[in-house]
Amino acid sequence: MNDIIVRSLSGALFVLLMLGSFLLGTHYFTPVLFILFTLGLNEYYRLFRSDLLDKVLKSYALLAGVLMFLFLILPELGLLPLAMKWMIFPIAFLAFSLVLFSKKISPIMQLATLSFGWVYLIVPFYFLFQIADFSPNIEFSWRFIVGLFILVWTNDTFAYLSGRLFGKTKLFERISPKKTWEGTIGGFIFTVFAGLIYAYALGDDYVFWAISAVIISPCAVFGDLFESLLKRTVGVKDSGKLMPGHGGVLDRFDAVMYAAPFFFVWMLNYYA
């Protein structure tokens, strides 16, 4: 019972932090995203044994990832010249030089593991920043990023509940034994309903949010499955312990991270 209370309280605090920062605007959600990105990148590198990535490489990878993310978002905020975005490439290529001096088991595996962390974290968090900062008109400028999180949370919640009530057919037992087709379908249906309700509540475009739900729901499932595969590969249950009862940043953002690029491209094309 105590675990349920702790899980509920930490989950509610997380929801308030995310939605509150998005509703307050750019100068609030940007620091929140940056902190969560940094914590998530650190979690990713901590998953791997020291015989693959030693402390020097992990420290460089974390610092380089943070710098690359800053060089992507600060020009968008007008705090750096736009040309500074190109700095991400020299920073990334320095990793090739560091691996030359490594005496670990596999330099290529080291480089692949190190650089994948940048792709896995920088790309989706940059898209989250773009979604949060995207506004074809000033009214309800937060509606896209809030809508994305609401649809992902709806999918996660109702996939879990549907699976508990009706789940019999395993979805991907090798990776996630508890996930079922019944839960996945239930999550999908309720996410579409949530998209329509969200559009109604805001007086927004029903077609846009219905199709958004159709895109986001399977993306959320794939994101969850991929992070499960990652944790299963390295032999851990949770990526971190940031949120009691919920795990780390990667555990809470796996679905949103996978959905963000797809949602942004759809959003950009629809409102272009």
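The values are calculated or read from the model by the stated rules, or taken from the named source; none is laboratory data. As the structure is a prediction and not an experimental result, all values here were calculated from the model. Neighbour counts run over all protein chains shown; Cβ positions are idealised from the backbone, glycine included.
Take the residues in the stretch 48-64 that are among the hydrophobic types (A, V, I, L, M, F, W, C) and more than 20 Å from the chain's Cα centre (by Cα), then tell me which one is surrounded by the fewest Cβ atoms within 10 Å (Cβ to Cβ). If we take residues in the stretch 48-64 being among the hydrophobic types (A, V, I, L, M, F, W, C) and more than 20 Å from the chain's Cα centre (by Cα), then V56 is surrounded by the fewest Cβ atoms within 10 Å (Cβ to Cβ).
What residue, of Y28, Y60, is in a helix (DSSP H, G or I), of a type in the set (S, T, Y) and within 17 Å of V119 (Cβ to Cβ)?
Details: Y28 fails: within 17 Å of V119 (Cβ to Cβ).
Of the residues listed, the single one that is in a helix (DSSP H, G or I), of a type in the set (S, T, Y) and within 17 Å of V119 (Cβ to Cβ) is Y60.
If the condition is being surrounded by fewer than 20 Cβ atoms within 10 Å (Cβ to Cβ), more than 25 Å from F129 (Cβ to Cβ), in contact with a helix residue (DSSP H, G or I) (Cβ under 9 Å, 6 or more places away or on another chain) and not hydroxyl-bearing (S, T, Y), then the stretch 139-177 contributes L161, R164, L165, F166, K168, K170, F172, R174, I175. Is it the case that some residue within the stretch 129-150 is in contact (Cβ under 8 Å) with a residue 24 or more places away in the chain, within 30 Å of L57 (Cβ to Cβ) and in a helix (DSSP H, G or I)? Within the stretch 129-150 (the criterion being in contact (Cβ under 8 Å) with a residue 24 or more places away in the chain, within 30 Å of L57 (Cβ to Cβ) and in a helix (DSSP H, G or I)), the answer is yes, since at least one residue qualifies. Every test in (1) in contact with a strand residue (DSSP E or B) (Cβ under 6 Å, 6 or more places away or on another chain); (2) in a helix (DSSP H, G or I); (3) within 23 Å of A12 (Cβ to Cβ) is passed by A259 save one, and that test is (1).
Taking the conditions exactly as written (among the hydrophobic types (A, V, I, L, M, F, W, C), farther than 28 Å from F37 by Cα, part of a strand (DSSP E or B) and at pLDDT below 95), does L161 satisfy them or not? The answer is no for L161. Among the listed residues T233, T191, which satisfies the condition of being in a helix (DSSP H, G or I), modelled with pLDDT under 90 and either among the hydroxyl-bearing types (S, T, Y) or surrounded by 18 or more Cβ atoms within 10 Å (Cβ to Cβ) (or both)? Within the list T233, T191, the selection yields T233. Within the stretch 69-102, being within 30 Å of D51 (Cβ to Cβ) and in a loop (DSSP other than H, G, I, E, B) holds for F101, S102.
With the structure loaded, tell me whether I211 is modelled with pLDDT of 90 or more and buried (at least 23 other Cβ atoms within 10 Å of the Cβ) or whether it fails that test.
Working: modelled with pLDDT of 90 or more: yes; buried (at least 23 other Cβ atoms within 10 Å of the Cβ): no.
So I211 fails the test.
Determine, yes or no, whether A132 is crowded, with 17+ Cβ neighbours inside 10 Å and closer than 20 Å to L36 by Cβ.
Working: crowded, with 17+ Cβ neighbours inside 10 Å: yes; closer than 20 Å to L36 by Cβ: yes.
Yes; evaluated as a whole, the condition is true for this residue.
Answer with yes or no whether A201 is in a helix (DSSP H, G or I) and either touching a Ser or Thr at 6+ places or on another chain (Cβ under 9 Å) or surrounded by 17 or more Cβ atoms within 10 Å (Cβ to Cβ) (or both). Break it down into steps so the answer makes sense when it comes.
On the way: in a helix (DSSP H, G or I): yes; either touching a Ser or Thr at 6+ places or on another chain (Cβ under 9 Å) or surrounded by 17 or more Cβ atoms within 10 Å (Cβ to Cβ) (or both): no.
Spelling it out, it is not the case that A201 is in a helix (DSSP H, G or I) and either touching a Ser or Thr at 6+ places or on another chain (Cβ under 9 Å) or surrounded by 17 or more Cβ atoms within 10 Å (Cβ to Cβ) (or both).
If the Cβ limit is 6 Å and pairs must be 6+ apart or interchain, which residue in the stretch 20-47 that is surrounded by fewer than 20 Cβ atoms within 10 Å (Cβ to Cβ) pairs with which residue that is of a type in the set (F, W, Y)? Within 6 Å, the pairs are L23/W142. Take K179 and decide whether it is free of Cβ contacts under 8 Å to residues at least 60 places away in the same chain and assigned to a loop (DSSP other than H, G, I, E, B). No: the conditions fail for K179.
Which residues, taken from the stretch 56-70, are of a type outside the set (V, I, T), in contact (Cβ under 8 Å) with a residue 12 or more places away in the chain and out of contact with any Phe, Trp or Tyr (no Cβ under 8 Å at 6 or more places or on another chain)? Within the stretch 56-70, L57, Y60, L67 qualify.
Considering each residue of the stretch 152-191, count those that are among the aliphatic types (A, V, I, L, M) and either within 17 Å of F226 (Cα to Cα) or in contact with a Leu (Cβ under 9 Å, 6 or more places away or on another chain) (or both), and give that number. Spell out how you get there, then give the answer.
Step one: of the stretch 152-191, the residues among the aliphatic types (A, V, I, L, M) are 152, 159, 161, 165, 171, 175, 185, 189.
Checking the rest, the ones that are also either within 17 Å of F226 (Cα to Cα) or in contact with a Leu (Cβ under 9 Å, 6 or more places away or on another chain) (or both) come to 152, 159, 171, 175.
Residues that pass the stated criteria total 4.
For the structure I just gave you, tell me whether Y271 is hydroxyl-bearing (S, T, Y), at pLDDT 95 or above and out of contact with any strand residue (DSSP E or B) (no Cβ under 8 Å at 6 or more places or on another chain). Step through it out loud before you land on a result.
Numbers: hydroxyl-bearing (S, T, Y): yes; at pLDDT 95 or above: no; out of contact with any strand residue (DSSP E or B) (no Cβ under 8 Å at 6 or more places or on another chain): yes.
Criteria not met by Y271.
Among the listed residues A194, A201, A213, identify the single one that is touching a residue at least 40 places away in the same chain (Cβ under 8 Å) and farther than 20 Å from V265 by Cα. Give the steps one after another, and end with the answer.
Values: A201 fails: touching a residue at least 40 places away in the same chain (Cβ under 8 Å); A213 fails: farther than 20 Å from V265 by Cα.
Testing whether each residue is touching a residue at least 40 places away in the same chain (Cβ under 8 Å) and farther than 20 Å from V265 by Cα leaves just A194.
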